[in-house]
Each structure stands twice: as C-alpha cells, then as structure tokens.
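First the structure, in the form of structure tokens, and then the observations on it.
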Amino acid sequence: MTATLPGIRTPDTGTVPDSRARAAVRRHGPVLALFGTLKLAGFCSFMYLLSSTGDYRGKHPRFGGGAHAWDVLATWDGWWYQQIALHGYDPKLVPVPGATGLITLEGNSAAFFPLYPALMRLTSAVTGLGPYGAGMLVSVVASFAAALGIYAVAERFGGRRAGLAAAGLWAVWPGSGVEWAVYSDSLYVALAAWACHAVLTRRWLTAGVLTFAAGLNRPTAGALIAALAVAALLNLRRAEDGVLRPMLAMALAPLGLFGYLLWVGNRMGDLGGYFKLQSGAWAHSFDYGKQTLDVLTSVPVGKFDYLFAYPFADVISVGVILLACALLPLLLRLRPPAVLVVYTVLTLALVLGSQQIVANISRYLLPCFPLFLPLAVALRRLSLPVLCALLGIAALASGSYAGYALFELGVP
C-alpha cells in the first residue's frame with residue numbers, strides 16, 4: 001500500500017489538475033451562468049418582439065429583413081462580414097456616377113476590419129457551419145470571454161460581487177443586442193477587457209498581443225493602443241518591470257491597426273483610402289463632435305431634422321451619451337489605473353467626436369466597459385437575489401432598447 005500526499009499528482013490520480021478545474025469552475029462558473037442567463041432572456045425577448053411585429057418581412061434581406069426573425073441578426077454590417085468570410089477583400093474607391101451629396105463612393109468591404117471575418121472563415125472550415133452560423137458562434141463565445149474579462153477587471157476594484165454585477169451589466173447595457181449577432185463588437189470588447197487586465201497585472205507581452213489583435217478588429221483600437229502606451233511609459237518611469245517587456249508591448253500594440261490601414265491604402269493606391277471610403281461611402285468622419293452636439297440640442301426639444309435621424313433609437317442614444325458623461329466622473333472618483341482612464345476617455349472622444357448614424361452610439365460605446373465599475377461597486381451592496389432580479393428585469397427590457405430599437409428602429 002502506498003500513501004500519496006495531498007495535491008501531489010501520482011500515476012493513479014489527477015489531484016492537481018482536478019483541483020485547478022474545480023477552482024476554475026467555482027470562480028468562473030457563476031459569472032458565465034449569470035451572463036448567459038441574462039443574455040438568453042434578452043435574446044428571447046428580442047426574438048419575440050421581432051416575430052410579433054413581423055416588420056422584418058417587408059425589409060430587404062441586407063437591411064434588417066429576412067425570411068425568419070433570426071435572419072435580422074446577420075443583416076447590415078453582418079452582411080458585409082459574411083461577404084468577407086466568403087470572398088475576401090478587393091479594396092477600391094469607386095465613385096457613384098453623378099453623386100454630389102454625402103455619399104459619393106460605392107460601399108466596399110475594406111471598411112470592415114479583418115479579424116472577425118477571418119475567425120468566421122476558420123470556424124466555418126472547422127465546424128462545417130455556414131457564414132451565418134460561424135459568425136454567431138464566434139460572437140457568442142467572444143461575448144462570454146468579454147464577460148469574464150470585465151469580471152476580472154471589476155473584481156480588482158470591488159471584489160467578487162462587483163465583478164458579477166459588471167458582467168451582468170455587460171449583458172444588459174444599451175447596444176448589447178449586437179453581442180449575439182454577426183457583428184464584431186463582442187470580439188473587440190473581449191480583447192480590450194483582457195488587454196486592460198493584462199496591463200493591470202503587468203503581463204506586458206500578453207497586453208501587446210491582445211492590443212495588436214484588437215487593432216485588426218476595430219478602428220477604435222487606437223484608444224486601447226494609446227492607453228497601453230501611457231501605462232507602459234508610466235511603468236518605465238517607475239522602473240517596475242524593467243525596460244524590455246513594456247517597450248516590446250508598445251512596439252507590438254499598434255501593428256495590427258496601422259498594418260491593416262496601410263495594406264488597404266496600398267491596395268487602393270491612396271494611403272488615406274480607408275478614411276476616404278468611410279467618409280464617401282458611409283458619411284462617417286471625425287467632425288470634433290459637431291453632429292453629436294446637434295443631436296443633443298435637437299432631440300430634447302423634439303426636433304429630428306439632423307443628419308441620419310432615427311427618432312426612437314436616437315432618444316436611447318442621447319440617454320446613453322448622458323449616462324456615459326455622468327458615469328465618467330464617478331469612474332475617476334475610484335482613481336482607476338491610467339490604462340482604464342485613457343482607454344475610456346479616448347473611446348468616448350472617438351465615438352462622440354465623429355459624424356455618424358447617432359442610433360449606433362449605444363453600440364459604439366459598448367467598449368467603454370470601465371464605466372460599469374462605479375455602478376458595479378454600488379450594486380455589490382445588494383444581496384445576490386436582489387441583484388439577479390434587478391438585472392433580470394433589465395435583461396427582458398433589453399430585448400427592446402438594446403435589440404429591437406437598434407436593428408429595426410435604427411441602423412446598427
């Protein structure tokens with residue numbers, strides 16, 4: 001008879017891996033269960049609203065329509081991502097004949113960054129799913145990864161209960177309807193949240209790699225790149241982690257974003273081609289907040305005569321803007337590390353400083369997950385049943401304000 005010491009792996013037992021697995025389940029299981037339950041409730045509410053109204057049946061399959069309610073989840077940007085996954089890119093600046101207004105160029109898939117459709121294509125090859133199923137699978141898995149990342153960041157500020165609240169808020173936040181759709185938002189937030197967490201835990205190379213990947217997914221990764229650079233420079237000043245790893249992280253972080261922009265520009269024969277495409281085909285450009293101010297001064301007095309007006313969805317977006325502006329000083333009051341402050345402030349500046357479809361702002365501000373922290377810290381005082389009940393009500397309501405309003409009453 002041989003004795004084994006606790007925690008020591010032997011040929012007959014797997015104590016160490018088993019204990020780690022149990023610890024991981026205990027730590028992450030409740031987060032995943034809470035987020036998944038809330039998202040499922042909101043998703044079912046969204047599908048019910050789509051089915052009961054039936055408006056999607058009269059719309060073009062590319063623009064919020066389809067044969068079934070769930071087809072709506074792969075329209076608008078989702079259609080473009082499917083085309084990229086199937087056919088790749090052919091970057092061009094093609095003028096619209098005789099056009100003299102805002103839209104002077106034909107739409108081109110180069111406006112959409114490559115990481116998400118590349119994962120769609122890989123998932124399709126591995127699983128046999130079509131582009132719709134592959135895109136949904138990537139988004140759903142990424143949304144759970146984002147929930148865990150947001151939990152990990154929030155837990156550092158307010159403990160486990162605050163982390164759970166933050167993950168729950170990610171499930172019900174305005175714009176969260178795109179988290180389970182053929183959209184790249186969940187993937188970007190997952191990369192950004194874990195990149196910020198890597199900086200907070202001083203894993204610089206991991207942060208650099210994740211930021212590099214985020215730059216291949218969305219242009220607003222510029223805010224994340226700047227945040228990592230500021231954090232790395234402060235670390236170098238304090239001489240906490242040496243020089244090599246923070247410097248490598250800073251060097252690696254921007255390569256995804258700048259590499260894609262340069263590739264598109266080279267293929268178009270114009271280094272500024274990406275921005276010309278965004279402006280000429282989607283009327284999306286940086287206007288230093290002129291349109292946002294126009295909307296903020298028009299909607300409260302019932303005027304909807306500004307560019308790209310979608311009244312119901314715009315009212316929600318104005319509420320989201322005001323909520324973000326109210327939460328920012330509360331976040332600063334918590335004295336978070338520089339990486340979270342810079343990332344949040346620059347993301348807000350990039351979104352609110354752009355001319356765009358205002359109905360999209362509730363979606364574009366999803367990456368500002370650090371704004372969840374003040375609410376999460378406050379919500380941790382609630383008992384778990386009360387917290388779940390509160391978030392559950394918000395989840396059911398999110399089918400309307402975060403899903404239906406975005407896809408059917410606006411343009412996501």
Residue check, LEU187 more than 22 Å from LEU340 (Cα to Cα) and buried (at least 20 other Cβ atoms within 10 Å of the Cβ): no
Single match in VAL31, VAL16 (criterion: outside any loop (DSSP other than H, G, I, E, B) and at pLDDT 90 or above): VAL31
Members of the range 227-244 found to be under 23 Å from ALA190 (Cβ atoms) and either of a type outside the set (Gly, Ala, Ser) or touching a Phe, Trp or Tyr at 6+ places or on another chain (Cβ under 8 Å) (or both), listed by number: ALA227, LEU228, VAL230, ALA232
Boolean, LEU49 is buried (at least 16 other Cβ atoms within 10 Å of the Cβ), within 20 Å of the chain's Cα centre (by Cα) and modelled with pLDDT of 95 or more: no
Residues satisfying the stated conditions in the range 137-163, i.e. open to solvent by less than 30 Å² (accessible area, probe 1.4 Å) and out of contact with any helix residue (DSSP H, G or I) (no Cβ under 6 Å at 6 or more places or on another chain): GLY159
Residue match in the range 108-130 (condition: open to solvent by 60 Å² or more (accessible area, probe 1.4 Å), in contact with a Lys or Arg (Cβ under 8 Å, 6 or more places away or on another chain) and at pLDDT 95 or above): no
Subset of the range 386-401 (residues that are modelled with pLDDT of 95 or more, open to solvent by less than 50 Å² (accessible area, probe 1.4 Å) and among the hydrophobic types (A, V, I, L, M, F, W, C)): LEU391, ALA394, ALA395, ALA397
Within the range 256-305, considering residues that are open to solvent by less than 20 Å² (accessible area, probe 1.4 Å) and outside any helix (DSSP H, G or I), the one nearest to LYS92 (Cα to Cα): ALA283
Test for LEU210: is it without any contact (Cβ under 8 Å) to a residue 24 or more places away in the chain and surrounded by 24 or more Cβ atoms within 10 Å (Cβ to Cβ): yes
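The values are calculated or read from the model by the stated rules, or taken from the named source; none is laboratory data. As the structure is a computational prediction, the values presented were derived from the model and not from experiment. A quick note on method: Cβ atoms are made from the backbone with ideal geometry, for glycine too, and the neighbour counts reach across all protein chains shown. Accessible surface areas use protein heavy atoms only, side chains included; no ligands, DNA or RNA. Shrake-Rupley method; radii C 1.70, N 1.55, O 1.52, S 1.80 Å.
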